[in-house]
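Notes follow the structure.
The values are calculated or read from the model by the stated rules, or taken from the named source; none is laboratory data. Quantities reported herein were computed from a predicted structural model and do not represent experimental measurements. Cβ atoms come from the backbone with ideal geometry, glycine included; neighbour counts cover every protein chain shown. To get the accessible areas, we keep the full protein, side chains included, count just its heavy atoms, and leave off ligands, DNA and RNA. Shrake-Rupley method; radii C 1.70, N 1.55, O 1.52, S 1.80 Å.
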Amino acid sequence: MTSNTDKLWAPAPFPVAAAGLPSEVRIYEVGPRDGLQAETELVPTDVKAEFCRRLVAAGVSTIELTSFVSPKWIPQLADAEQLMADVSLPADVRQVVLAPNQRGLDRALAAGAREVAVFVSATETFASKNLNTTIDGALAAAEPVVRGALAAGLPVRGYISMVFGDPWEGQVSSSQVAAVAERLIRMGVSTLSLGDTIGVATPGHVHDMLASVLATGIDVSVLSMHFHDTYGQALTNVYASLQAGITEFDSAAGGLGRCPYARGATGNLATEDLLWMLHGLGITTGIDLDALTDTSIWMTQQIGHPTASRVVTALAAAGS
Ligand code: HMG
Ligand code: MG
């Protein structure tokens with residue numbers, strides 16, 4: 001005979017809306033690119049392709065697939081062409097690839113890219129460590145990439161890294177970030193991701209930074225926030241961003257990733273942790289949390305180390 005206490009509850013967030021927040025949010029899934037780029041063991045291309053297909057099957061509709069960067073700098077993504085050829089996602093999936101220079105754009109276009117992302121830094125030191133150049137040099141390299149992609153009919157996303165702090169330079173001024181943001185928007189990027197690469201932001205800082213960027217006249221609808229959870233602040237920073245009107249967030253399934261050139265940067269905000277909060281707030285994302293969790297559990301088996309996601313860990317334990 002089964003008693004009530006034998007029946008385990010299948011955990012899920014209780015949806016209760018909070019005033020003033022959007023009803024829908026777009027998740028920009030960076031797991032295959034940002035998540036995997038710093039894995040030291042090479043992940044086979046067919047595993048990456050299967051990861052992408054499982055993400056789409058879970059309802060992910062925007063995926064950053066890979067980078068057309070120098071394979072000497074990011075060996076893990078040297079298979080960018082092969083992945084693009086193998087993965088074949090439905091036409092309505094927004095799939096994005098990084099290109100740091102003309103060579104990257106040429107490779108991306110030849111591989112059938114649908115959207116390109118350029119990436120620059122808010123700080124001189126990270127521009128040097130990540131791209132071997134200066135802030136101006138990175139913007140100068142991005143400019144022909146943006147122009148060429150737009151001419152080929154592709155939208156372009158712009159990234160700014162080290163927006164809230166830099167491991168070498170410390171605090172980053174919001175006016176410096178706003179100036180870089182304006183230059184990317186003037187080039188023609190249609191979305192702009194503000195990256196807390198080392199995860200040091202706190203909610204007041206998020207409000208302050210967004211106020212500076214929005215004061216330039218940039219519309220809030222073009223902004224995306226890219227939080228890392230290094231100091232456990234990512235979700236609270238998402239909440240602050242929602243209050244400011246942001247409706248797109250970057251995250252990685254299972255909390256994959258760190259930055260290969262930023263000391264102390266741990267994983268991206270886990271998509272599952274983000275979904276738990278958003279769905280709990282009654283905000284729709286189109287993603288099935290259980291299916292995504294299964295994908296991240298499968299991925300831990302492929303890469304051989306545990307997930308950084310609290311939600312994946314908890315749901316896996318609850319299901320065992
Ligand atoms: P460099 O060494 O100054 O440039 O690197 P180079 O022109 O001397 O090129 C070096 C070699 O790479 C040459 O080959 C080039 O041909 C080749 P070699 O002559 O030595 O045989 N090369 C390329 N090969 C393939 N594709 C290319 C390409 N370009 C040059 N596109 C470079 C400059 C920009 C290439 C390099 O610094 C680079 O690739 N950096 C990428 C670093 C990167 O991908 N970092 C991670 C992404 S940023 C990030 O994760 C942060 C973000 O997620 C937001 C956040 O978390 O905050 C976006
Ligand atoms: Mg990142």
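Applying the set (1) of a type outside the set (Phe, Trp, Tyr); (2) over 29 Å from Pro75 (Cβ atoms); (3) buried (at least 20 other Cβ atoms within 10 Å of the Cβ) to Gly199 leaves exactly one unmet item: (2).
Thr293: without any contact (Cβ under 8 Å) to a residue 24 or more places away in the chain and either open to solvent by less than 40 Å² (accessible area, probe 1.4 Å) or in a loop (DSSP other than H, G, I, E, B) (or both), yes or no? Criteria met by Thr293. Could you tell me whether Leu278 is outside any strand (DSSP E or B), within 14 Å of ligand 2 (Cβ to nearest atom), under 23 Å from Cys52 (Cβ atoms) and of a type outside the set (S, T, N, Q)? Spelling it out, it is not the case that Leu278 is outside any strand (DSSP E or B), within 14 Å of ligand 2 (Cβ to nearest atom), under 23 Å from Cys52 (Cβ atoms) and of a type outside the set (S, T, N, Q). For the range 7-49, filtering for residues that are open to solvent by less than 30 Å² (accessible area, probe 1.4 Å) and among the charged types (D, E, K, R) leaves 4.
This table checks each residue for (1) within 13 Å of ligand 1 (Cβ to nearest atom); (2) buried (at least 22 other Cβ atoms within 10 Å of the Cβ); (3) at pLDDT below 95.
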{"site": "Val238", "(1), (2), (3)": "no, yes, no"}
{"site": "Gln243", "(1), (2), (3)": "no, no, no"}
{"site": "Gly257", "(1), (2), (3)": "yes, yes, yes"}
{"site": "Pro260", "(1), (2), (3)": "yes, no, yes"}
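For the range 50-94, residues that are closer than 12 Å to Val30 by Cα and either open to solvent by less than 10 Å² (accessible area, probe 1.4 Å) or touching a helix residue (DSSP H, G or I) at 6+ places or on another chain (Cβ under 8 Å) (or both) total 10.
If the condition is being touching an Asp or Glu at 6+ places or on another chain (Cβ under 7 Å) and not in a loop (DSSP other than H, G, I, E, B), then the range 296-320 contributes Ser296, Ile303, Arg310, Val311, Val312.
If I ask for residues that are among the small types (Gly, Ala, Ser) and either more than 16 Å from ligand 2 (Cβ to nearest atom) or in a loop (DSSP other than H, G, I, E, B) (or both), which ones from the range 140-166 would you list?
Ala140, Ala141, Ala142, Gly148, Ala149, Ala151, Ala152, Gly153, Gly165, listed by residue number.
Examine the range 299-319 for a residue that is within 16 Å of ligand 1 (Cβ to nearest atom) and open to solvent by 10 Å² or more (accessible area, probe 1.4 Å), and state whether such a residue exists. Within the range 299-319, one or more residues are within 16 Å of ligand 1 (Cβ to nearest atom) and open to solvent by 10 Å² or more (accessible area, probe 1.4 Å). Does Asp6 satisfy the condition of being of a type in the set (D, E, K, R) and at pLDDT 95 or above? When the stated conditions are applied, Asp6 does not pass them. Here is the figure for the range 118-139: residues that are on the phi < 0 side of the Ramachandran plot and either in contact (Cβ under 8 Å) with a residue 60 or more places away in the chain or part of a loop (DSSP other than H, G, I, E, B) (or both) total 9.
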